[in-house]
Amino acid sequence: MANVTMRDIAEKLGVSIVSVSKALTGKEGVSEELREKVKKEADRLGYRYNLGAKGLKEGRNYNVGVIILSYYTDDTSNAFYMKMYQCVAKCLTNYDYATMLELVDTRMQEMMILPQIVGDNRLDGLILMGELDETYLKRLKQMNIPMIYMDFYDLSMETDSVSMDNISAEYKMTEYLIELGHKKIAYVGSINATTSIMDRYLGYRRALHHYNILYREDYLIEDRGEDRLFKELALPEDMPTAFVCNNDEIACILIEKLEKMGYSVPEDISVTGFDNYPFIRRNASGLTTVDVDIAMMASEGVELLLERLNDKRETFVRRVVSGHIVIRKSTGKAATEP
């Protein structure tokens, strides 16, 4: 149907034009059931609401910017953040918001160059995915654009955030390995690189402490340099029977390294990952890992941002989304020492 109007929708459903208008603009005065019926009928008829007029009336642009550190999109590992972006964009369309994506590289952070989407006054809100430098975050904060951090947090700033319950998830993963009989358990991750890696490490340490297993400094294995790029893993001379890795990709890299060294996974050594993104590498489909509910994180993030945009909350909130262990072929009982 060409040039569908609110009147067309109202006649199809047998309701008033006022009710249709309230339903499509998110105003009070109609039930949620009717609101959904109106939206479905509008979609079926091909109705397109005039967001320009709506935004002008409400003083909004109906645009949300999404910023991702370019490092997180440089290789296949970061399909994780692209999936998160897709989930966020899908959620925002339910509220008539469009998304504008921009990547920020190391040079921009070092020189304090702001993303173009931030400087043209077209954004109502901003979503940052993946951890950026603290000084750069402070510079973005000065723009006074409502924002939310996703998959990281910064306790020094009053900013809403949504992240995984990394501590609890990695605790449970380490506990699972202990229940399999492992006592020589190493952690793979540069703990100062991101809050997520640090929190996962804390979960690992907490489990060791709870089960009275001695922590060994040589069992903390760095996986990336100051540039945040992966580096060659330096394994200890006294090999662990299990490795807890901070993400799936480094777990897959480790498995390939162990196999080249002559070890069998999991017969000799167990390996775990984090994120449950099986398309990262060839051997990821058999990896024991922690499943991250990206869609739930996206939904929580959009909800927090909209609350901020609608002035429904003055306090700042940090929401945490739980994950669960997915057991696959990369873990097994600890090998009996001769």
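The values are calculated or read from the model by the stated rules, or taken from the named source; none is laboratory data. What you are looking at is a predicted structure, and each value in this text was computed from that prediction instead of being measured. Cβ placement follows ideal geometry from the backbone for every residue including glycine, while neighbour counts extend to all protein chains displayed. Note: accessible area is taken over every heavy atom of the protein model, side chains too, but ligands, DNA and RNA are not part of it. Shrake-Rupley method; radii C 1.70, N 1.55, O 1.52, S 1.80 Å.
Some observations on this one:
- Of the solvent-accessible surface of region 137-266, computed with a 1.4 Å probe and all protein chains present, 49% belongs to carbon and sulfur.
- Among the protein heavy atoms, those of residue 24 account for about 20 Å² of accessible surface (1.4 Å probe, every chain in place).
- The chain - Debye-derived log10 I(q)/I(0), Cα point model, q = 0.13 Å⁻¹: -0.98
- Förster radius 22 Å - calculated FRET efficiency between residue 158 and residue 291 (Cβ-Cβ, nearest 0.05): 0.10
- For region 155-181, the residues whose backbone nitrogen is under 15 Å from a point 7 Å from the Cα of residue 322, taken along Cα to Cβ, are 164-173.
- The chain: calculated mean residue ellipticity at 222 nm from DSSP helix runs of at least 4, using -39500 (n - 2.57): -11500 deg cm²/dmol
- Stretch in the chain that is longest and holds no GluC sites (Glu not before Pro) that DSSP places in a loop and that have at most 14 other beta carbons within 10 Å: 29-157
- Accessible area expressed per residue, the chain, with surrounding protein chains retained (probe 1.4 Å, Å²): 50
- Contact order relative to length of the chain, as percent, for alpha carbon pairs under 8 angstrom and 6 or more apart: 16
- Paramagnetic reach from residue 213 (point 7 Å along Cα→Cβ, amide N under 11 Å) across region 295-338: 334
- Residue pairs, from the table 83/184; 138/231; 27/90; 83/138; 90/333, whose Cα atoms sit over 31 Å apart: 83/184; 90/333
- In this structure the amide hydrogen of residue 326, modeled in the peptide plane, comes within under 5 Å of the amide hydrogens of 289, 290, 291, none closer than 5 places in sequence on its chain.
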